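Read through the structure below, which is laid out as structure tokens, and then see the notes.
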Amino acid sequence: MLTQNEQRVLALIEKDPFLTQQEIASQLDLPRSTVATIVSSLTNKKQLLGRAYIVNHGAEIFCIGGMNIDRKYLLEAELMPKTSNPVTSSVSVGGVARNISENLGRLGLNVNLLSIGGRDQDFETLKQATEPFVNFQHVTQLGEYSTGSYVALLDDDGDMQLALADMSVADTMNREWISSYQNLLAQAKMIVLDLNVPLETTEYIIELARNKDIPLVIIPVSSPKMAHLPRQLEGVKWIIVNLDESETFFNKKVETAEDVEELVESWLALGVENVIITRGQSSTFYGNQTGERKQFLPPVSPHVEDVTGAGDSYASGLIYGQLQGYSPVESIQLAITNAYYTIQSPKTVRLDLTQDILEKQTEELKERGII
């Protein structure tokens with residue numbers, strides 16, 4: 001006997017055997033984790049025979065890197081050092097790889113998160129928030145570590161004044177750990193890597209992507225984490241890096257637009273296929289190995305709630321565009337749009353994000369001449 005939900009899922013699969021779990025979940029208004037359980041049950045009951053009712057591993061995206069709990073404190077007045085400052089606080093889930101994976105999951109893509117956390121309540125909070133949109137089954141726990149945490153102090157404009165991160169658990173995402181996923185990653189449609197992982201892991205993934213011809217997107221995370229990036233970058237499809245991170249990596253201070261253009265050339269000389277250098281509200285610089293060079297001026301948002309998720313939403317919009325077959329310019333426009341609306345939201349990943357909404361908002365901004 002089948003349950004009512006099993007009958008509903010089976011009916012959808014019979015109509016379209018290539019539906020993803022996320023698409024089934026969206027159509028039936030069920031959590032993705034519930035759909036995964038139902039599919040497993042249908043397989044055990046021999047109602048499904050292993051056909052392509054869910055996109056196979058060859059069409060999956062793997063996001064590798066950090067996940068953590070974000071604790072944000074909004075200053076009620078100008079920061080005064082060495083004394084107590086009145087704030088309002090909030091707690092949310094975060095981490096670059098985790099944030100990007102949720103963005104992509106909300107956009108209807110089939111995403112896996114590879115990360116490590118502790119055996120604590122923060123891990124359970126992350127799992128509960130992430131699992132409806134992302135395959136969480138490859139995220140492991142270590143009892144001797146705490147799940148990553150991030151604390152941000154924001155001024156009344158939403159700009160970061162100070163950030164503190166305890167990501168020591170990320171050091172355990174070493175070469176031995178990542179190599180255990182070799183066969184799984186070899187089938188990936190795309191790999192997204194943040195630099196919370198050690199240098200040896202970054203080197204391993206770059207080599208794997210190059211040998212298996214898998215598109216690899218690298219998100220540096222922060223200037224200190226640039227030490228986790230090697231100098232051999234052939235096999236990297238995209239790197240999305242801000243100006244500070246570029247200056248740190250090349251040990252070069254930028255003073256003019258020409259200096260930024262030279263940084264683009266420096267990245268390409270290391271083998272990166274496409275590079276984006278963001279500069280906050282100043283022009284973003286793009287270049288690729290075919291000689292294309294462009295600048296994009298980010299639109300000024302009418303209201304900034306929180307800039308914390310801007311970079312992750314930007315990367316997610318670009319990744320979505322590339323997976324949909326858009327050109328680099330069109331993908332960057334999607335990236336700008338997602339960031340534009342995300343910073344107007346109090347959430348690190350905006351809750352209204354869907355494929356239709358992102359596409360429509362991008363077209364609206366283009367029609368208004370904003371992007």
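Within the range 179-205, the set of residues being crowded, with 22+ Cβ neighbours inside 10 Å and not in a strand (DSSP E or B) comprises Leu185, Ala188, Leu195, Asn196, Val197, Thr201, Thr202, Ile205. For beta carbons closer than 7 Å, sequence separation of 6+ or different chains, a first residue in the range 92-117 that is at positive phi and a second that is aliphatic (A, V, I, L, M) and part of a loop (DSSP other than H, G, I, E, B), the qualifying pairs are Gly95/Met67.
Taking the range 247-292 as the region of interest, how many residues are over 16 Å from Ile219 (Cβ atoms) and touching a residue at least 40 places away in the same chain (Cβ under 8 Å)? Counting residues in the range 247-292 that are over 16 Å from Ile219 (Cβ atoms) and touching a residue at least 40 places away in the same chain (Cβ under 8 Å) gives 1. The number of residues in the range 206-245 that are assigned to a loop (DSSP other than H, G, I, E, B), of a type in the set (A, V, I, L, M) and either outside the structural domain of Leu184 (by the TED database) or more than 21 Å from Asp166 (Cβ to Cβ) (or both) comes to 4.
In this structure, Asp157 does not satisfy being open to solvent by 50 Å² or more (accessible area, probe 1.4 Å) and assigned to a helix (DSSP H, G or I). The one condition from (1) in contact with a strand residue (DSSP E or B) (Cβ under 9 Å, 6 or more places away or on another chain); (2) over 24 Å from Arg350 (Cα atoms) that Thr147 does not meet is (2). Of Gln141, Gln128, Gln137, all but one fail to be assigned to a helix (DSSP H, G or I), out of contact with any Leu (no Cβ under 6 Å at 6 or more places or on another chain), open to solvent by 50 Å² or more (accessible area, probe 1.4 Å) and polar (S, T, N, Q); the exception is Gln128.
Considering each residue of the range 46-67 in turn, none proves to be outside any loop (DSSP other than H, G, I, E, B), over 18 Å from Ile191 (Cα atoms), at pLDDT below 95 and not basic (Lys, Arg). Selection of the range 164-177 for residues being closer than 23 Å to Ile69 by Cα and either crowded, with 23+ Cβ neighbours inside 10 Å or not hydroxyl-bearing (Ser, Thr, Tyr) (or both) yields Leu164, Ala165, Asp166, Met167, Val169, Ala170, Asp171, Met173, Asn174, Trp177.
The values are calculated or read from the model by the stated rules, or taken from the named source; none is laboratory data. As the structure is a computational prediction, the values presented were derived from the model and not from experiment. Glycine gets a Cβ as well: all are built from the backbone with ideal geometry, and neighbour counts include every protein chain shown. Only protein heavy atoms, including side chains, enter the accessible area calculation; ligands, DNA and RNA are left aside. Shrake-Rupley method; radii C 1.70, N 1.55, O 1.52, S 1.80 Å.
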